[in-house]
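Asker: Here it is: the structure, laid out below.
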């Protein structure tokens, strides 16, 4: 099996970092949006709890994706060694 080009390896490594940041920001934005919606439309003041909860969900999602990419990379390198 041919080895991946250097540019492709750098691209995959940078994608892992971007996914971690993007999922965290999306979780934060969802939490802020839900806090705002609950306060304005339902009349229940939930701030900052939904923001904190969805921020944690975003961080967990980012690390989960990071571990998946690391596992895939490890499996690919093991197949290459065989």
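Where a number appears in this text, it was derived from the coordinates with a stated rule and is not lab data. Since the structure is predicted, the reported quantities are computational estimates derived from the model, not experimental observations. Glycine also receives a Cβ, built like all others from the backbone with ideal geometry; neighbour counts cover every protein chain displayed.
Asker: In the range 71-82, what count of residues is obtained for those that are without any contact (Cβ under 8 Å) to a residue 12 or more places away in the chain and either assigned to a helix (DSSP H, G or I) or surrounded by 14 or more Cβ atoms within 10 Å (Cβ to Cβ) (or both)?
Answerer: Here the count works out to 8.
Asker: What are the residues in the range 1-59 that are touching a residue at least 60 places away in the same chain (Cβ under 8 Å) and not in a helix (DSSP H, G or I), if any?
Answerer: Listed by number, the residues that qualify are 1, 3.
Asker: Can you pull out every residue in the range 5-39 that is more than 18 Å from residue 64 (Cβ to Cβ) and surrounded by fewer than 14 Cβ atoms within 10 Å (Cβ to Cβ)?
Answerer: Result: 5, 6, 7, 8, 9, 10, 11, 14, 33, 37.
Asker: Would you pick out the residues in the range 40-52 that are loosely packed, with under 14 Cβ neighbours inside 10 Å and more than 24 Å from residue 63 (Cβ to Cβ)?
Answerer: Across the range 40-52, the qualifying residues are 40, 41, 42, 43, 44, 45.
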